[in-house]
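The block underneath contains the structure these notes are about, expressed in C-alpha cells.
The values are calculated or read from the model by the stated rules, or taken from the named source; none is laboratory data. Worth saying up front: this structure is predicted, and the values here are computed from it rather than measured. Cβ placement follows ideal geometry from the backbone for every residue including glycine, while neighbour counts extend to all protein chains displayed.
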Amino acid sequence: MNLERIVTFASSVSNDLRKETLEKQFERVRRRTNESHVMQYGDMSHRKEFLFTYMGADLANDSYTSIGDISSPSVSRPVNQRDTNLLYFQPKLLRAPAGSCAKLEAQKQLLDEIAHRKHVDFSIHKIGELLFGHQKSSNLLMNVRPRGQPVVDD
C-alpha cells in the first residue's frame, strides 16, 4: 500500500464525506505526502463535488475522533514512505476489539510487516558487507550525500 492510498484512506475514515470535497481531500493528501508526488489528472470540473458522491456517506464515521490517536500522522508531521504500512496496521490493531479475530489478524499483519522490514534491513546490510567489507559497510550505507550532489562518482 503506498503513501497516497494510506492518507486518502485515513482522510475518508476521519472526515465527514458529506462535507468534504474532492479538492479538499486532494490538498490534504498533497500536504501530508510531501516526499511523494501527488498529481491531479483528468477533468478538474469535479473538484467541488463531495466525496460521498463517489464513496458513499459512512454514518459510522460520525463518531470518529482523532483525539488520543497518537499514531495518526498530522499535517505538521511528514511521514517517511517506508513507514506507511506500519502507520496503517498499528491503529488497526489498537482499535480492534480485544480477543477478536480482527485483533488477531491486525496483529499478524503488523508482525508480518515488521518481519519484512527486518528481512530487508538484514539483506541490505549483508549486501553492504559483501561490497564494502565488514568494517566499512555500516558507515558507507548510512552516509548520505548533501542535496544536489551526484549519487555516485564517475
Check your understanding: Looking at SER36, SER45, which one is modelled with pLDDT of 80 or more and hydroxyl-bearing (Ser, Thr, Tyr)?
Key -> SER45
Point to revise | Restricting segment 8-23 to residues that are out of contact with any Lys or Arg (no Cβ under 9 Å at 6 or more places or on another chain) and at pLDDT 65 or above, the residue that is surrounded by the most Cβ atoms within 10 Å (Cβ to Cβ) | key: LEU17
Exercise for review: Collect the residues in segment 95-146 that are within 20 Å of ARG82 (Cβ to Cβ), in a loop (DSSP other than H, G, I, E, B) and over 24 Å from the mean Cα position of the chain (by Cα), keeping them in residue-number order.
Suggested key: ASN143, ARG145
Exercise for review: Consider THR84 carefully, then state whether it is within 20 Å of the chain's Cα centre (by Cα), surrounded by 11 or more Cβ atoms within 10 Å (Cβ to Cβ) and at pLDDT below 85.
Suggested key: yes
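Would you pick out the residues in segment 125-138 that are at pLDDT 85 or above and not β-branched (Val, Ile, Thr)?
The answer is HIS125, LYS126, GLY128, GLU129, LEU130, LEU131, PHE132, GLY133, HIS134, GLN135, LYS136, SER137.
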